[in-house]
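Take a look at the structure below.
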Amino acid sequence: MNKYVEIVSKSYNDYFNYLKNEVSDLYIENYFYGLIVISLVVFLLEIMFPWRKNQAIIRKDFWLDFFYMFFNFFLLNLIILIALSNVTEQLFNDILAKFDLKLISLQLIDISKYPKIISLFLFFIVSDFIQWNTHRMLHRVPFLWNFHKTHHSVKEMGFAAHLRYHWMEPVVYKSMLYIPIAIIGGFSIQDVFIVHFCTITIGHLNHANLGWDYGVFKYVFNNPKMHIWHHSKEMPSKYGSNFALTLSVWDYIFKTNYIPKDGRDIELGFNGDEQFPKEFVKQEIYPLKF
């Protein structure tokens, strides 16, 4: 037990120092300012090329989503995620040790043997497919859907809506990614950084007030005209559609794509969202009531 207490203590201390350095230092892989730059660029694109021209620049719940951006990407890691992740990793290794196994023994592929561009591509494809399946699960499992409702409570789309989600979601996503990523070894922190920022950028664009579909590339990459239908209040099935995070190709392959018409002015939300809390704290504790 003392070992796990030490892990938690070290996790808090290390992440606090990391966050302090992120804010105070400028360097090429700075996560804090990188997120701000991406957000500003996409926000400027919304202002320059608005799809819904009658939507205010500072749209409904803009400041709530802006707060979610910093809470989910930085404060949440400090409060729980980093410590939870490190404890889970140690616990998993301890369980494997009881069977004379090591995490490294789970590796079936070492992508470091391949050229950099190929290893990045493989890591990106595998992680995106797992996240697509996890997203479908958030819609299909009632217990998880109660957490995911926070994200679907958005009534006007904008880039920051991408970052409105309940703290339980990254726990689910990271848990689903843990073993598959352990099987694929050989990627570096830099690889994770590159892939992560690509997915954040595309996620911002998907939620932005932009009428883009990328032409023929819409069958490969998720886009604003496709993702707006994922947030539609009226769905063709009870579990929704267009589950792509980055790659829309999964929806086209598995027939979960749905774009019946131009979705610029459709109503967003979910059935019963009138009773869903509007304040941050109440949204965070909402799933505990069910």
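The values are calculated or read from the model by the stated rules, or taken from the named source; none is laboratory data. Everything numeric here is computed off the predicted structure, so don't read it as measured data. Using ideal geometry, Cβ is built from the backbone for each residue, glycine included, and neighbour counts are taken over all protein chains shown.
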Might you check whether a residue that is surrounded by fewer than 17 Cβ atoms within 10 Å (Cβ to Cβ) and within 25 Å of PHE280 (Cα to Cα) occurs anywhere in region 173-184? yes
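A quick yes/no check of all residues on (1) within 21 Å of TRP250 (Cα to Cα); (2) out of contact with any Leu (no Cβ under 9 Å at 6 or more places or on another chain):
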{"site": "ASN133", "(1), (2)": "yes, yes"}
{"site": "MET137", "(1), (2)": "yes, no"}
{"site": "PRO142", "(1), (2)": "no, yes"}
{"site": "TRP145", "(1), (2)": "yes, no"}
{"site": "VAL154", "(1), (2)": "no, no"}
{"site": "TYR165", "(1), (2)": "no, yes"}
Are there any pairs, at least 6 apart or on different chains, whose C-beta atoms fall under 8 Å, with the first in region 29-52 and within 15 Å of PHE66 (Cβ to Cβ) and the second of a type in the set (Lys, Arg), and if so, which? none
Criterion first (part of a helix (DSSP H, G or I), small (Gly, Ala, Ser) and modelled with pLDDT of 95 or more) does GLY203 satisfy it? yes
Do you know which residues across region 219-231 are hydroxyl-bearing (Ser, Thr, Tyr) and buried (at least 21 other Cβ atoms within 10 Å of the Cβ)? none
Determine whether region 253-269 contains at least one residue that is buried (at least 18 other Cβ atoms within 10 Å of the Cβ), modelled with pLDDT of 95 or more and under 27 Å from PHE123 (Cα atoms). yes
Identify the residue in region 31-71 that is surrounded by 15 or more Cβ atoms within 10 Å (Cβ to Cβ) and either of a type in the set (Gly, Ala, Ser) or touching a strand residue (DSSP E or B) at 6+ places or on another chain (Cβ under 9 Å) (or both) and, among all such residues, is farthest from TYR165 (Cα to Cα). GLY34
